[in-house]
Amino acid sequence: MPDDKLVAHGGAGELIPQDALPDYDNFPPDDGGDGPGLDLGRYVHAVLRRKWLLALAVVLGLGAAAFAYRTVPVEYTATGNLWVQGARQQRGAGDVEPIRQSGLFEAGAWINLLRSYTVLDSVVIKQKLYLSTKADRRPAFAGFGLADSFKPGAYKLSVAENGENYTLSTKDGVFVERGALGDSIGRDLGFRWSPPARVFPAGSNVDFTVVPPRDASTALSERIETSMDPAGNFIGLKLTGPDPQRITAILNALMERHVALAAVLSKGKLDDVLKILQEQLEYAQQELERAEQNLEEFRVHTITLPSDASTPIAPGLELTRGPVFDSYFKMKVDLEQVSRDRVRLGAILDSLPAGGGIRVEALQSVPEVATSIELKKALDELVDDRAKLSVLRDRYADDYPPIQDLLTRIGTIERQTVPRVANSIMSEMKGRETSLRMRVDSASTELAAIPPRTIEEARLRRRVTAQENLYNELRQRVETARLASASSIPDVDILDRASVPQRPTSDNRLKFAAMFFAGPLGLAVALAILLDRTDPRLRYPMQVAREIGLNILGSIPRIQRGSKSEENSAHVIEAFRELRMTISFAYGSAGPATFVITSPGPGEGKSLVSSNLAVAFSEMGRRTLLIDADTRRGNAHALFGCHRVPGLTDYLRERSAGDIIQTTNYERLSFIGCGTRSDATPELLASSRMAEFLSTLKRAYDVVIVDTPPLAAGGDAVVLGALTGNLALVIRTGTTEKPLALAKLEALSRLPIRILGAILNDVEPRGTYFKYYSSYLKGYEPGDESSEDEARPPLLADVAGGKDQAS
């Protein structure tokens, strides 16, 4: 038997236990409802229902991904290494002892020098980092330079169509100047730029930006990554950028400038040390000449005095007297020398200014100081640090960290180390002086009577010898410093030059392209879900069960035509069979089934559902009557080929019932048309005659189905629902508005009407939301083997001449 017939023979008379019916109140939450679970089915359906939004998102995402892939730069990293000779280790604040001679800077100060503007500004100017433009335009700016005074900003150079003239303006369109290519451009702005006449294509626009070199230096300092090994002998440098050749050139220029400046600073330090030593040498020479002059003058003035040599009293006595005399004489000379040196050293220390500024040459002129290894080491380091300070102050302000370190170290030596060691030396000298004085006082009177002439002469001769030794030592140090200055090498050198990187260290093009593609797609999905969540229409069965609060009696698939109409007809037939069964059990077995079928609004298919449901009940063998009570726009008569007049309204105007009940092509199915339309039909439906008429029909039929106007069209459906006592609500997915349905159901809840449930109409026969309401399996449709060619009445939707599911 063909599948497009409505129902098969009987077969529905057997009762099905109540617990065998589907539990429509407990469907899984993934069926498109608003339950506690994740509504994946509903979300997928919401997105697929708006394919145009997805298509637009895909197009926009592909465009954005292509744009991101072309514009996101690929990052390269150039690396290089510097080697530091004799890097000084950091000392704690409490270390006041001069430890050893060192290089120019502390280990960490080399990085400060690298980031100093003296280094960075030179690299910025040499590499023209103050100028930014497109990479393909850079050759035209090879001769670009800046005057001492210039105006930074963003500019636009527009080349005329003849390729010979240009117009220079700001990026905002403010005119600056106009001229011929080949001449100087931007002279009034402080630019030194004369590009060749044909360097720019005719009609092209060149955008470029000029910033102060100091700002470019600050930006370059932030881009440089530095690292130093624990010993402080190696400095690692990294520079990242989109142009491998450019970052390599910048990094190499940075290292070269660093080494060159270190060489200058090192040479300057040696020159300053040489200058200080030469000053000390001059002072030592003056002291030596003064000592020699004092000795010579003393000899001249005492040449006529008797010598300390006396005639021996007895043979052999001088031999006995010589060692004693020599010992006493030596003690006397040492006592005088120690006493004078102590007084001189004390005067030097007392004359020291509070803020420092020790005269090294004055301290070195004291013989006792020259013999103190500890004090000599402190003075040597003081000279070395003063030389460094002099070099750095020629190029940096006093707030430069290495200068601050030197000032702290010099202050420590001048105010702590030197006074402490000098006081220690004075204490030793006092002890020696006391000891010598006691020994001299204990000598004999004869030895004590030795003329002071000899003692003074020995003291002067000894001072000449000390100053001569100091002079010779300083002269040797001056020669050594002069040789070191002439052959000086920098304390830092390039260990590994930067080479052009061949592979990018960071390629984010695919990641950004994926993000730009996923962005519009994600927005489209979110927008689709948002539109679905805010959609006032009922689109999912679980919305009916959970938001409207109605049991679902059944679902009618969407009627399709064309190549799929045959299979679709089978779906629809089985859906009405299932609906017939669920309504029977929902109504119960008390008397004939009498109920109203309506909908919240128009165009939701209540007439189609009521007509086909009446056919399904009649094919089951039950006497069925369909009443078209939609006296406003009812057209169910067209589905059965019957007449609208006379009908229900005509009977209620005192016509006999026999005139309005019509037979149909379906056995056991009768039909009553809506009748003549008039303004008084709502009052006729609410009359006592209508109630009596329904009572009469209940005795004659097993099933009475009343098709009424929508609930929103007036009170007809409510009146008839109260008369029958039962009501089934047709809800068309995607059409019925939830606020309207809720409002009408709230009004029905106050009336003596039992709502059997909801009938879903126009459900798409696919997706998870349909699988619980479909009872059709292809290949298992019923058929009569002996009467396969017997003609059966077609589906009422086809009889209606192509009317859609809104009927």
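The calculated P(r) of the range 572-683, using every Cα pair and 5 Å bins from 0, goes 2, 12, 21, 23, 21, 13, 7, 2, 0 in percent.
Restriction of the trypsin sites (Lys or Arg not before Pro) in the range 630-730 to DSSP coil positions whose beta-carbon has at most 16 other beta-carbons within 10 angstrom yields Arg632, Arg633, Arg653, Arg655, Arg677. Extension gain, Asp188 to Ser227: 0.36 nm times the residue separation minus the Cα-Cα distance gives 9.7 nm. Placing one equal scatterer on every Cα of the range 179-245 and applying the Debye formula, the log10 ratio I(q)/I(0) at q = 0.16, 0.24, 0.27 Å⁻¹ is -0.81, -1.11, -1.19. When Rg and Dmax are taken over the Cα atoms of the range 195-288, they come to 23.5, 83 Å. If you look at the Cα atoms of the range 165-204, you get an Rg and a Dmax of 10.2, 26 Å.
Fully extended, how many nm does the chain gain between Lys151 and Asn508 (0.36 nm per residue separation, minus their Cα-Cα distance)?
On the way: separation 357, 0.36 × 357 = 128.52 nm, distance 3.61 nm.
Full extension of this stretch gives 124.9 nm more.
All alpha carbon pair distances within the range 655-696 were sorted into 10 Å bins beginning at 0; the resulting P(r) in whole percents reads 22, 52, 23, 3. For the range 620-665, taking the reciprocal of the average inverse distance between every pair of different Cα atoms yields a Kirkwood hydrodynamic radius of 11.5 Å. Of the peptides 725-736, 46-57, the order by per-residue mean of other Cβ atoms within 10 Å, starting with the highest, comes out as 725-736, 46-57. Roughly how many percent of the accessible protein surface of the range 142-186 is carbon and sulfur, given a 1.4 Å probe and a whole-percent answer? Heavy-atom surface of the range 142-186 belonging to carbon and sulfur, 1.4 Å probe: 46 percent.
So, with a 1.4 angstrom probe, what is the percent of accessible area on the range 694-738 that is carbon and sulfur? C and S atoms contribute 49 percent here. Structural size metrics of the range 501-628, computed from C-alpha coordinates, are Rg and Dmax of 24.9, 93 Å.
How large, in percent, is the carbon and sulfur part of the accessible surface of the range 228-302 at a probe radius of 1.4 Å?
52
Computed from the Cβ-Cβ distance with R0 of 35 Å, the FRET efficiency linking Glu256 to Asp350 stands at 0.10. Between Asn423 and Asp215, the modelled labels are 5.6 nm apart [label points 7 Å from Cα along Cα→Cβ]. Approximating the spin labels as points 7 Å out from Cα along Cα→Cβ, the Arg699-to-Leu530 distance works out to 6.4 nm.
Between amide H atoms placed 1.01 Å from N, distances below 5 Å from Val730 occur with Thr598, Ser599, Ile759, all of them 5 or more places distant or on a separate chain. Note on the range 125-226: along the principal axes its Cα atoms extend 50, 26, 23 Å, ordered by decreasing extent. Phi angles across the range 375-391 convert, under the Karplus curve 6.51 cos²θ - 1.76 cosθ + 1.60 with θ = phi - 60°, into 3J(HN,Hα) values of 6, 5, 5, 5, 5, 5, 5, 5, 5, 5, 5, 5, 5, 4, 4, 5, 5 Hz, Gly and Pro given as x.
Of the peptides 216-228, 279-291, the order by per-residue mean of other Cβ atoms within 10 Å, starting with the highest, comes out as 279-291, 216-228.
The values are calculated or read from the model by the stated rules, or taken from the named source; none is laboratory data. What you see is a predicted model; the values in this text were computed from it and never measured. Heads up, the Cβs are rebuilt from the backbone with ideal geometry, glycines too, and the neighbour counts pull from every protein chain shown. Keep in mind that these areas ignore ligands, DNA and RNA; they rest on the heavy atoms of the full protein, side chains included. Shrake-Rupley method; radii C 1.70, N 1.55, O 1.52, S 1.80 Å.
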